[in-house]
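The values are calculated or read from the model by the stated rules, or taken from the named source; none is laboratory data. Keep in mind the model is a prediction, meaning the values are calculated, not measured. In this analysis, Cβ positions are derived from the backbone assuming ideal geometry, glycine residues included, and neighbour counts consider all displayed protein chains. Ligands, DNA and RNA are excluded from the accessible area calculation, which covers all protein heavy atoms including side chains. Shrake-Rupley method; radii C 1.70, N 1.55, O 1.52, S 1.80 Å.
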Amino acid sequence: MKLQQLRYIVEVQNNNLNVSATAESLFTSQPGISKQVRMLEDELGVQIFGRSGKHLTHVTDAGQEVIDIARKIMAQVESIKAVSREHNLPDQGKLNIATTHTQARYALPQVIQGFMRRYPNVSLHMHQGTPSQISDLAAKGEADFAIATESLHLYNDLVMLPCYHWNRSVIVKHDHPLAQKGSITIEDIAAHPLVTYVFGFTGRSELDHAFNEAGLTPKIVFTATDADVIKTYVRLGVGIGVVASMAIDEEVDTDLVRIDASHLFEYSTTKIGFRRGNFLRGYMYDFIERFAPHLTKAVVEKAIQQKNNDDVERMFKDLTLPVK
């Protein structure tokens, strides 16, 4: 058994069983990958991939167990390399972050600006996607950090650390009837066409829960993953908007009226996560603390020692998180 063979089976699954795409991503030949996979299957005495002719069709049950272990082995290999880089090149490397548009656009710019000034030789890459895409990138090792709010059940393989709470505001045009109200109710929102986030994004579940609790059905006429897109359609008069309060710029969005809605919805919690067992470089600890100052290196190391995310949650149960 060779590390190369383990890398091949992991990458074949990452590329949806497309051997040609796998060969291209690894800068090798398709026959070479097929041969090595066959040799590994022969050595183990189990079929990792099901086949129809020359094409791979599915991962077998035994194959999935093998691939899961192979992923952990490859992650440990990367950790060994990271240890070497940390000692030889402590301020050089790369950092891949997977997150949603709202985090990338509103929560991260100042953090990243300060980080890049401190670490000019660290190459930073941002990947934006859905919660499931973010989880997948982190699980595959293609992202060092996942920053997310929704669908946290997808992140069981990651150590998830709470960063901050946030809530929502309603946005309307200046001539809208709600613009004149000092305070609004859930009934006020339900009475108007609504423009908000796609289900599964940016705390949308808390909005749906609030309407369900009130026995109301919102008139959702337009959804988007991007708060800037939502604001555009509010400006066009499509409906009133419900967005994360941090997504409203008092200097830029002067043509809109912001109405606080934090009393109507439960707060959401943004978390940062990384694969359990990964070696964190010094600049990675620094990035975490810049994003969430209460997450010092000592706190993060303590969280890493917990058995699961339920234990991590208990670590922070008495902590008052900042609100954005």
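I'm checking my understanding of the structure. Among residues of the stretch 29-71 that are farther than 18 Å from residue 15 by Cα and touching a residue at least 12 places away in the same chain (Cβ under 8 Å), which one is nearest to the chain's Cα centre (by Cα)? That would be 62.
With respect to (1) of a type outside the set (D, E, K, R); (2) at pLDDT 90 or above; (3) open to solvent by 10 Å² or more (accessible area, probe 1.4 Å), the lone exception for residue 234 is condition (3). Among the candidates 69, 33, single out the residue that is buried (at least 20 other Cβ atoms within 10 Å of the Cβ) and either touching a Pro at 6+ places or on another chain (Cβ under 9 Å) or outside any loop (DSSP other than H, G, I, E, B) (or both). Result of the check over 69, 33: 33. When the stretch 111-126 is filtered for residues that are outside any helix (DSSP H, G or I), out of contact with any Leu (no Cβ under 6 Å at 6 or more places or on another chain) and open to solvent by 30 Å² or more (accessible area, probe 1.4 Å), the ones remaining, listed by number, are 120, 121, 123, 125, 126.
Residues are listed down the side, and each one gets a yes or a no for (1) surrounded by fewer than 17 Cβ atoms within 10 Å (Cβ to Cβ); (2) touching a Cys at 6+ places or on another chain (Cβ under 6 Å); (3) touching a residue at least 24 places away in the same chain (Cβ under 8 Å); (4) more than 27 Å from residue 107 (Cβ to Cβ):
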| site | (1), (2), (3), (4) |
| --- | --- |
| 167 | no, no, yes, no |
| 181 | yes, no, yes, yes |
| 187 | yes, no, yes, yes |
| 192 | no, no, yes, yes |
| 207 | no, no, yes, no |
| 211 | no, no, yes, no |
| 214 | yes, no, yes, yes |
| 218 | no, no, yes, no |
| 223 | yes, no, yes, no |
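Going by what's in this entry, would residue 132 be described as at negative phi, of a type in the set (Gly, Ala, Ser) and in a strand (DSSP E or B)? In short, no.
Considering only residues of the stretch 150-182 that are in a loop (DSSP other than H, G, I, E, B) and at pLDDT below 85, which is farthest from residue 97 (Cα to Cα)? Going through the qualifying residues, I end up with 182. Close Cβ contacts (under 8 Å, 6 or more residues apart or on different chains) running from residues in the stretch 267-280 that are closer than 17 Å to residue 71 by Cα to residues that are hydroxyl-bearing (Ser, Thr, Tyr) comprise 277/79; 278/79; 279/79.
Taking residues in the stretch 91-106 that are within 14 Å of residue 246 (Cβ to Cβ) and at pLDDT 90 or above, and partners anywhere that are open to solvent by less than 10 Å² (accessible area, probe 1.4 Å) and part of a strand (DSSP E or B), the pairs with Cβ atoms closer than 6 Å and at least 6 places apart or on different chains are 99/147; 103/147.
The set of residues in the stretch 258-314 being exposed (fewer than 14 other Cβ atoms within 10 Å of the Cβ) and within 30 Å of residue 231 (Cα to Cα) consists of 263 alone. Considered as a group, the residues in the stretch 239-256 that are touching a residue at least 12 places away in the same chain (Cβ under 8 Å) and over 17 Å from residue 207 (Cβ atoms) include one that is nearest to the chain's Cα centre (by Cα), and that residue is 253. If the condition is being more than 25 Å from the chain's Cα centre (by Cα) and either in a helix (DSSP H, G or I) or among the aromatic types (Phe, Trp, Tyr) (or both), then the stretch 87-110 contributes 87, 88.
The listed residues are 288, 220, and the only one of them that is assigned to a strand (DSSP E or B), hydrophobic (A, V, I, L, M, F, W, C) and either out of contact with any helix residue (DSSP H, G or I) (no Cβ under 9 Å at 6 or more places or on another chain) or within 23 Å of residue 113 (Cβ to Cβ) (or both) turns out to be 220. Here residue 138 meets the list (1) in a helix (DSSP H, G or I); (2) free of Cβ contacts under 8 Å to residues at least 24 places away in the same chain almost entirely, failing just condition (2). All conditions but one from (1) in contact with a Lys or Arg (Cβ under 8 Å, 6 or more places away or on another chain); (2) assigned to a strand (DSSP E or B) apply to residue 246; the one that does not is (2).
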